[in-house]
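Visitor: There's a structure below that I have some questions on.
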Amino acid sequence: AARSVEDVERLAPGRIAECMEWMDDFKKSGGKGEATLHFKIHDASTAIKLIEQDHASWRTLLAEAAPTGTARGHWVRQRSKSEDPAAAAHAAPMLAEVPRHTAPAPTGVSLWHDVDLRVKDWLDEETGLFRYVNEMPKGSLQKFEVQPHLPENAIEEDPKGSSRLAAFGRPVPFNYGCLPQTYRDPEHVDELYGAPGDDDPLDILDLSGEAVGVGEVVQCRPLGAVCLIDEGRADWKILAVNAERGPLAAARSVED
């Protein structure tokens, strides 16, 4: 079973390079620089440390919540702007070539607060596995996100993000989601990169190769982490594999 980045490379040669190249090219397509990012891949211990740190930040956020349920002032967000009709028209032909996805209907369960981060066994012992909420299926050209500002933190499509993905034209080569009960605190300065958190749940890239639906909750094994500096903020991505199914369920490292 995969325990590290090395394990992933052994079991699926080229998977890591494909995912890093996609992120690099997508970032360039948005006008955020031409230089290759040359991602530094940190090991599983760094990934787990980040998860634990951001879980603690989430607990702090809840402790500071107002009686109305609204947390710190900087966490209150405005709804996304309505989609630009011109951008939608541009997106439609490209999206017609790949599977279309829809956001799941709210169920009364917050995908951010109510889904347990840690996977435990029947004795309530920790297993070393974590859960993530999938937002963007592998092979898609749509952007979905858990919405911290909406009731139940429902998943919604980001029309602007979907239009940008459609214009980019290369489907996402991994499942992309977030870790519940985590928070990248903008008041915390990252010790490795000297930048504040990005004010969101911690992101995750599932390298397993099998598409996961929008809103599905998956048990995963963290193998590593990479950091992007996006608009001056540390935007960490946990690299993980699906621990329940798929060809990389046995991976123990990114090299596998």
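Visitor: Output ³J(HN,Hα) for the range 104-109: one whole-Hz value per residue in order, computed from phi by the Karplus curve 6.51 cos²θ - 1.76 cosθ + 1.60 with θ = phi - 60°, and x for Gly and Pro.
Guide: Karplus values, whole Hz, x for Gly and Pro: x, 5, x, 10, x, 10.
Visitor: Still on this model: Which lysines have a Cα lying under 30 Å from the Cα of Lys28, excluding residues fewer than 8 positions away in the same chain?
Guide: List returned: Lys40, Lys49, Lys81, Lys138, Lys143, Lys160, Lys237.
Visitor: Label the range 124-229 by shape, choosing from rounded, prolate and oblate, from the square roots a ≥ b ≥ c of the eigenvalues of the Cα gyration tensor; if a/c is under 1.5 it is rounded, and otherwise prolate applies when a/b is larger than b/c, oblate when it is not.
Guide: On the way: a/c = 1.41, a/b = 1.17, b/c = 1.20.
Judged from the Cα gyration tensor, the range 124-229 comes out rounded (a/c under 1.5).
Visitor: Each residue of the range 50-60 in order: what ³J(HN,Hα) in whole Hz does its phi give by Karplus 6.51 cos²θ - 1.76 cosθ + 1.60, θ = phi - 60°, with x for Gly and Pro?
Guide: My calculation for the range 50-60 gives 5, 4, 4, 4, 6, 5, 5, 5, 5, 4, 5 Hz in order.
Visitor: Let me ask something else. In debye, nearest 20, what is the charge dipole magnitude of the range 179-256 about its Cα centre with +1 on Lys and Arg Cβ and -1 on Asp and Glu Cβ, if you could check?
Guide: Details: 6 positive and 17 negative charges, 82 e Å.
Its charge dipole is roughly 400 debye.
Visitor: If you don't mind, another one. Given a Förster radius of 35 Å and the C-beta distance between Thr60 and Asp230 as r, what FRET efficiency does 1/(1 + (r/R0)^6) yield to the nearest 0.05? Provide the component values of the computation, followed by the final result.
Guide: Numbers: r = 23 Å, r/R0 = 0.65.
Between Thr60 and Asp230 the formula returns 0.95.
Where a number appears in this text, it was derived from the coordinates with a stated rule and is not lab data. Just so it is clear, the structure is predicted and the values come from calculations on it, not from any experiment. Cβ sites come from the backbone with ideal geometry, for glycine too, and all protein chains shown count toward neighbours.
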